[in-house]
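*Asks:* Handing you this structure, nothing more for now.
The values are calculated or read from the model by the stated rules, or taken from the named source; none is laboratory data. These figures come from a predicted structure and were not determined experimentally. Counting neighbours? That spans all protein chains shown, and the Cβs are built from the backbone with ideal geometry, glycine included.
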Amino acid sequence: MDTDTPAVSAAAASQDPYLLDPAGGCPHADLARLRARGAVVPVELPGGVPGVAVVGHDALRELLAHPDVAKGPEHFAALREGRVPEGWPLLAFIATPGLLISDGADHRRLRALVNRAFTPRRAEALRPRIAELTARLLDRVAEAARQAPAPSDGTAATVDLRRLFTEPLPMAVICELLGVDEEYRERAHVLSNRVISTDSTPAEAIAAHREMFELMATVVRRRTEEPGEDLTSALIGARAEDGDRLSTDELLGTLMTIAVAGNETITHLITNAVRALSAHPDQSARVRA
């Protein structure tokens, strides 16, 4: 990404880069240390690749609105100048064609094609299945609560909501949406988590990304041979008025974005929402009312 704005350039020149730990760890601690250094902080990515972390709201707004900022890998100065080492663990994430790394007219083209397939009607059609999956997982939570030993202090038993509900639900819905065959769903869930887990080593993340890409390629082949009422089938058949369509790489990149980014964000959303409501009983009561 090209991030050559005045705020970014000034910050990069004013301090030594912050070394991001390639072995992962606690992201909250890293973010706290970054914020303590300022809104825009030069960083050293795994492999010694230079970068910039923008952790201030105003600075981020300036960055995103700046006309010189671009997302395509061809604008990544370190990559363009040969300063990215061979086998760099993050290269796969910035080189997969799709909405996340496209700009301008290309981004508008991809978005238009995806919007032709991902319609409100398609999302609404999933509602009964989502309700069924949700009810099934909540029944599992309730059963775990019944079997959990009661604490000696008389308080209610506790269960791991994240493990039993907030982690499995998003990927189950995504697999329904994308038309992933049942035999691949458990593996898709494992790989999606491994790709972005801070507990994964760079090698593990790369291997998971590669296997996930191959799994999505299998889904595309299956849905090409046997189209269904799923998003993958719709994306395969989506065409613009001029006959344009997604290339195979663009299609796979789109599916990867949905499967990985959609999984993590919804897991954290549900987990944090439940945590926030538990900490604010008055707001929880309003939701229940």
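*Asks:* Quick one: VAL173 ticks every box in (1) part of a helix (DSSP H, G or I); (2) of a type outside the set (Phe, Trp, Tyr); (3) under 18 Å from THR218 (Cα atoms) except a single one, so which number is it?
*Replies:* With respect to (1) part of a helix (DSSP H, G or I); (2) of a type outside the set (Phe, Trp, Tyr); (3) under 18 Å from THR218 (Cα atoms), VAL173 is out only on (3).
*Asks:* Every residue in region 121-131 that is surrounded by 11 or more Cβ atoms within 10 Å (Cβ to Cβ) and either part of a helix (DSSP H, G or I) or out of contact with any helix residue (DSSP H, G or I) (no Cβ under 8 Å at 6 or more places or on another chain) (or both), please. It would help to see each step written out before you state the result.
*Replies:* At the first step, the residues of region 121-131 found to be surrounded by 11 or more Cβ atoms within 10 Å (Cβ to Cβ) are 122-123, 125-126, 129-130.
ARG122, ALA123, ALA125, ARG129, ILE130, listed by residue number.
*Asks:* Need a quick list: helices (runs of 4 or more DSSP H) entirely within region 15-120 having at least 2 residues that are outside the structural domain of MET212 (by TED's automatic domain parsing) and modelled with pLDDT of 90 or more. Let's see the steps before the verdict.
*Replies:* Numbers: elements: 27-37, 57-65, 77-80, 91-95, 104-117.
So the answer is 27-37, 57-65, 104-117.
*Asks:* So, one more: Six or more apart or on different chains, Cβ under 6 Å: which pairs go from a residue in region 88-116 that's farther than 17 Å from SER247 by Cα to one that's assigned to a loop (DSSP other than H, G, I, E, B)? Could you list them?
*Replies:* If the second residue must be assigned to a loop (DSSP other than H, G, I, E, B), the pairs left are TRP88/GLY47; PRO89/PRO46.
*Asks:* Restricting attention to region 146-169, does a residue exist that is more than 22 Å from the chain's Cα centre (by Cα), closer than 30 Å to ALA207 by Cβ and at pLDDT 90 or above?
*Replies:* Step one: list which residues in region 146-169 are more than 22 Å from the chain's Cα centre (by Cα), which gives 146-160.
Checking the rest, the ones that are also closer than 30 Å to ALA207 by Cβ come to 160.
Filter once more, keeping what is at pLDDT 90 or above: 160.
For region 146-169, residues more than 22 Å from the chain's Cα centre (by Cα), closer than 30 Å to ALA207 by Cβ and at pLDDT 90 or above: present.
*Asks:* Helices (runs of 4 or more DSSP H) wholly in region 188-289 with at least 3 residues that are assigned by TED's automatic domain parsing to the domain that holds GLU176 and exposed (fewer than 15 other Cβ atoms within 10 Å of the Cβ) - which ones?
*Replies:* Numbers: elements: 202-225, 231-237, 248-279, 281-288.
By residue number, 202-225, 248-279, 281-288.
*Asks:* Moving on. Quick one: count up the residues across region 173-187 that are crowded, with 19+ Cβ neighbours inside 10 Å and in contact (Cβ under 8 Å) with a residue 24 or more places away in the chain.
*Replies:* Quick first cut of region 173-187, residues crowded, with 19+ Cβ neighbours inside 10 Å only: 174-175, 177-180.
Adding the requirement that they be in contact (Cβ under 8 Å) with a residue 24 or more places away in the chain leaves 174, 177-180.
Within region 173-187, residues that are crowded, with 19+ Cβ neighbours inside 10 Å and in contact (Cβ under 8 Å) with a residue 24 or more places away in the chain number 5.
*Asks:* What's the number of the condition GLY243 fails, among (1) modelled with pLDDT under 90; (2) among the small types (Gly, Ala, Ser); (3) under 30 Å from ASP160 (Cα atoms)?
*Replies:* (3)
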